[in-house]
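Taken together, the values in this text are just the output of simple stated rules run on the coordinates, not laboratory data. Small disclaimer: the values here were computed from a predicted structure and weren't measured. Note: ideal-geometry Cβ built from the backbone for every residue, glycine included; neighbour counts use all protein chains shown.
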Amino acid sequence: MKKSLSLNILTFEHAAAPVTLSFFKEHNPGHLPLEIAKASDKVKSLLDKPLPERIYTDFENHDQADISLEVDLKENPWFSKHYYHHLLYGYLEKQGVILSTNMVRDIMVWIKNTEFFDKHVVAFDVFGLRVQMMHMTQYPELVIYYSGMSRVLRTSLALHHGHAPEAYTRVLYNKKIMHLDELPEEGKYSYDKVYPVVNRILGSDFEDIPNDPTKNNYIEQNGKITFFIKNVLTREGLSSALPFHSENLVIVPEDYIHRTKSGSNLIRLGLNHKMAVITPKVKLKQFGPFKLPSKEIRFIMIFFEEDKRLANELFMILSGLELSKEGKTRPSRSYDSLYHFIRLKFVLDKSKSVCINQGEQPTDQIQDFLDRTDFNTQKYNYIAIYLSPIKSDDKDAANHQLYYRIKELLLQYHISSQVIYRENLMLPNFRKYYLINIASAILAKAGGIPWRLDCPVANELVVGIGAFRSQKTGVKYVGSTFSFSNNGDFREFDCTSESETRFLAQKIKTIIQDYIQKNERIRRLVIHFYKNMSHKEIAPIQEMLLNLGFPNLPVIILTINKTASNNYIAFDTSWPALMPRSGTIIQIAEKEYLLFNNTRYSENSKFKTESWHLPLKIRFQSTHPELLKDILMVKELLDQVYQFSRMYYKSVKQQNLPVTISYPEMAARIFSWFEGETLCDFGKMNMWFL
C-alpha cells in the first residue's frame with residue numbers, strides 16, 4: 001500500500017535545552033508529579049536523601065518552591081507531555097480564544113461558526129487538542145480533531161427563564177467553558193456575564209443542528225482541521241513553544257497499516273442457491289434471504305380506530321395488492337410485497353388483530369385482548385404490526401411510555417412487534433426505501449436469517465456488552481448477547497440495571513458451560529465491551545473461570561465505543577473523497593487501532609459510496625498481555641469486528657458498529673422503559689428490539 005494515508009497529527013521538536021522549573025515536595029491542587037525513579041542522575045543528585053518518590057510542579061517558577069530543577073524533556077516523556085500541554089493552553093489563553101477541557105483533559109478550543117446564525121444562540125466549532133509522545137513517530141505529537149458544533153445561548157443566565165436550575169450544566173464565563181458548579185466566586189455574583197451552553201434539555205427549545213446524513217465526513221473534517229491549523233496553531237508565538245516540523249499532517253508509516261481479509265465484507269443470500277454479495281440492498285429481492293423461520297408465521301395488526309384506512313392500506317402494501325380502476329383487489333403490477341424480499345407471505349390473522357378505541361386506555365385494551373385470546377405459539381411465530389401515531393424518538397415521556405409498554409406487553413405473550421410510524425406510511429418513498437428494511441427486521445424477529453457471512457464457520461465464544469443510560473432516571477442499563485460462532489447466530493440477549501460485572505460473570509459462566517457441551521474445547525473468551533474494562537471489572541470474570549476449572553483461559557477485551565472516532569481520523573490523499581478504503585486498519589498506539597468500516601469497497605472510484613462512516617477506535621486488553629503482541633491474532637479479532645457489523649438486520653444499509661455492541665445497546669435502550677425488572681424468557685431468545 002502506498003504511503004497515501006495521513007493522520008490528524010502534527011509533529012514538533014523537543015525543547016533543545018533542559019527547562020528550569022519550580023518543584024514542591026507536597027502535592028497542591030493542579031500540580032503534576034515528576035517521578036524521581038524516571039528522572040536523570042543529575043536531578044537525583046540535587047535532591048536530599050532519602051529521595052522522595054515524586055515531586056510536584058505547576059510548570060511555573062515560584063520563589064517559595066522547595067527546589068528549582070532543570071528537567072530534560074527528552075528523558076521524561078510522560079512529564080514532557082504535560083509540560084507541552086501547559087505551554088499550549090497558556091498560548092491559546094493569551095490569544096483570547098474560548099477554552100475548555102474534556103474528560104480526558106484534552107484542550108477544547110471553541111471557534112465561532114460564522115455560517116450558522118440563530119437569533120437565540122451562538123454556534124461554535126469545537127476542536128480538540130491532545131499532546132502525545134511518539135505514538136506514530138519519533139517526535140512529540142499534537143493530535144488535532146474536530147469535535148463538532150456546540151451552541152451557547154445569547155441570553156445570560158441572569159435573564160434566561162423557563163427551566164429548572166438542574167437544566168443548566170455547562171456555561172461560558174470569561175472565555176472559559178466550565179460546569180456551573182465550577183463557576184468561580186466572582187462569576188456567581190455576575191450571572192449577567194454567564195451564558196448557558198445548550199444541552200439536551202435546553203436544546204428542546206430550539207431546532208436541531210442541521211445534519212445531512214449523506215455528507216462526506218472526511219472532506220468536512222479535513223477542511224475544519226486544515227482551517228484550524230492555519231488560523232490558530234500556526235500564528236506567530238506558538239512556534240517557539242511547539243516548533244512544528246510542518247503544517248501538513250503526518251503520513252502513516254506502512255508498517256502501521258493493515259487490512260481485513262479479502263472477502264470479509266461479503267454476505268450470503270438465497271434459500272437454495274447461496275450467492276455471495278457485498279450488500280443486501282439490491283440483491284435481497286433477487287436471491288431471497290438465507291434461511292426461513294422453522295415455524296409458520298402469522299401476523300396480527302394493532303392500530304388506532306382513527307387509522308383504519310391507513311391500516312387497510314398497510315395491509316395492501318405488505319400483501320402486494322392494489323385496487324383496479326373498477327375498485328377490485330388484485331396483485332400489484334408496480335410494487336413489491338413483503339414476500340418479494342423475504343419469501344414470507346403476509347398472512348394476517350384478522351381475528352387476533354386489535355383496533356384501539358378512542359377514549360379508552362390503549363394498554364388496558366391490549367392487555368384485555370391478550371388475556372382473552374388464545375395464541376398457538378407451539379405452531380406459529382406471531383408478529384404484531386403496530387401502526388403507531390408516535391415516533392420512536394418522540395420527546396414526550398408519556399408517548400414514550402405508551403410506545404414501549406405495548407412492546408413489553410406483546411413480548412410477555414411471545415409476540416414480537418414491528419412498529420411502523422403512520423406518517424412514514426404516507427411518504428411517497430415508503431415502498432421504495434422503508435419496506436425492504438421492515439422486511440429484513442421482520443424475518444429476523446420471526447426466527448429467520450436474512451443473510452449470513454460468506455466465510456467458513458469458526459467456533460468462537462464472543463460476548464457482546466452494550467449500555468444505555470436512561471435520560472428519565474439517570475440509571476445505566478446494560479445489554480448483553482452471546483455468539484458461539486462467526487455466522488451470526490446469537491445465543492441469548494439480556495438486559496439489567498444492576499452492576500454489569502457481576503451480572504456479566506454469572507451470564508458467562510452459564511454460556512461457557514453450554515459452549516463446552518457443544519464444542520470440544522474453548523481456546524479463549526472474547527469480549528466486545530462498550531468502554532474500557534477496569535481490573536475491578538475483570539476480576540469477577542477471572543474468579544468465575546477459576547471456579548469453572550479454566551484459570552489460564554485467555555480473556556481478550558476489545559473496547560469498542562458506540563460513537564465513531566473523530567479524535568483520530570485518517571485521510572486517503574490519493575482519493576479525492578479522502579475516505580480510506582473499507583477494511584483498512586491503522587495502529588495508532590500500543591494496543592489501539594482504527595478500523596475503517598464503510599462502503600468504499602474498491603480503489604475504483606466508479607463504485608458508488610453510500611456511507612461516510614468515521615472509523616471505529618478499538619482498544620485491546622487481555623489477561624494474557626503477551627498475546628496482544630501477535631499482530632496476526634489482533635488482525636483476526638479486528639476482522640471479526642468488521643464481519644459482525646454486517647449482521648445488522650434492522651436495515652439493509654451498511655453499518656460500522658458490530659452488532660455485538662449495537663444489539664445489546666438497542667435492547668437496553670428499550671428495556672429502560674419497561675415496567676418489569678427482568679426480561680422475559682422469550683425476549684432473551686428473540687430479536688424483538690430491531
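Observations on the model:
- Violating pairs (Cα-Cα greater than 31 angstrom) within the set 94/193; 261/391; 295/350; 274/684: 261/391
- Shape parameters for the stretch 241-344, alpha-carbon atoms, Rg then Dmax in Å: 25.0, 82
- Measure of compaction for the stretch 292-445 (Cα Rg per 2.2 N^0.38 Å): 1.04
- In the stretch 206-293, GluC sites (Glu not before Pro) in a DSSP loop with at most 12 other beta-carbon atoms within 10 Å: 207, 236, 247
- Charge dipole (the stretch 292-445, unit charges on Cβ, about Cα centre) - positive-most of 420, 440, 351: 440
- Convex hull projection area averaged over all views, the stretch 19-71, Cα basis, nm²: 3.4 nm²
- Projected label distance in nm at residue 624 and residue 115, using a 7 Å step from Cα toward the beta-carbon: 5.1 nm
- Here the convex hull built on the C-alpha positions of the chain has a volume of 204 cubic angstrom per residue.
- Amide H within-cut-off set for residue 148, under 5 Å, with H built and near neighbours excluded: 126
- Among the GluC sites (Glu not before Pro) in the stretch 549-609, those placed in a DSSP loop whose Cβ has at most 13 other Cβ atoms within 10 Å are 590, 603.
- Qualifying GluC sites (Glu not before Pro) for the stretch 268-345 [loop in DSSP, other Cβ within 10 Å: at most 15]: 326
- Volume of the Cα convex hull of the stretch 292-374, divided per residue and given in Å³: 115 Å³
- Working from label points 7 Å from Cα in the Cα-to-Cβ sense, the residue 378 to residue 193 distance is 7.9 nm.
- Relative contact order for the chain: 13 percent, from Cα pairs under 8 Å spaced at least 6 residues apart, divided by residue count.
- Phi-based couplings in Hz for the stretch 334-346 (Karplus 6.51, -1.76, 1.60; Gly and Pro marked x): 10, 10, 8, 9, 4, 4, 4, 8, 10, 6, 10, 6, 7
- Residues of the stretch 90-108 falling in the label zone of residue 240, defined by backbone nitrogen less than 20 Å from a point 7 Å along Cα to beta-carbon, are 90-97.
- Summing Lys and Arg as +1 and Asp and Glu as -1 over all other residues whose Cβ lies under 14 Å from the Cβ of residue 618 gives a net charge of +2.
- Once the Cα-Cα distance is subtracted from the 0.36 nm per residue extended length, the residue 219 to residue 513 segment shows a gain of 100.9 nm.
- Using the Cβ-Cβ distance between residue 164 and residue 26 with R0 set to 45 Å, the FRET efficiency works out to roughly 0.60.
- For the stretch 19-71, the Cβ-based charge dipole about the Cα centre amounts to some 240 debye (Lys, Arg positive; Asp, Glu negative; other atoms uncharged).
- Cβ-based exposure ranking for 161, 245, in which fewest neighbours within 10 Å come first: 161, 245
- The calculated FRET efficiency for the pair residue 208 and residue 423, based on their C-beta separation and a Förster distance of 25 Å, comes to about 0.90.
- For the pair residue 13 and residue 181, label points projected 7 Å from Cα toward Cβ lie 4.7 nm apart.
- Put simply, the Cα atoms of the stretch 192-278 extend 70, 46, 17 Å along their principal axes, the longest span coming first.
- Taking the C-alpha atoms of the stretch 608-677, convex hull volume expressed per residue in Å³: 135 Å³
- The helix-only estimate of mean residue ellipticity at 222 nm for the chain, built from DSSP H runs of length n ≥ 4 each weighted as -39500 (n - 2.57), is -7500 deg cm²/dmol after division by the residue total.
- Reachable aspartates and glutamates, given that their alpha-carbon falls under 19 Å from the alpha-carbon of residue 531 and they are not under 8 places away in the same chain: 106, 494, 498, 500, 590, 592, 665
- Karplus (6.51, -1.76, 1.60) ³J(HN,Hα), θ = phi - 60°, over the stretch 621-630, in Hz, Gly and Pro reported as x: 10, 7, 6, 10, x, 5, 5, 6, 7, 7
- Note that the stretch 32-47 has calculated 3J(HN,Hα) couplings of 10, x, 10, 6, 5, 4, 9, 7, 6, 4, 4, 5, 4, 5, 8, 9 Hz, one per residue in order, obtained from phi through the Karplus relation 6.51 cos²θ - 1.76 cosθ + 1.60 (θ = phi - 60°); glycine and proline are x.
- The stretch 19-71: relative contact order in percent, alpha carbon pairs under 8 Å with at least 6 residues between: 61 percent
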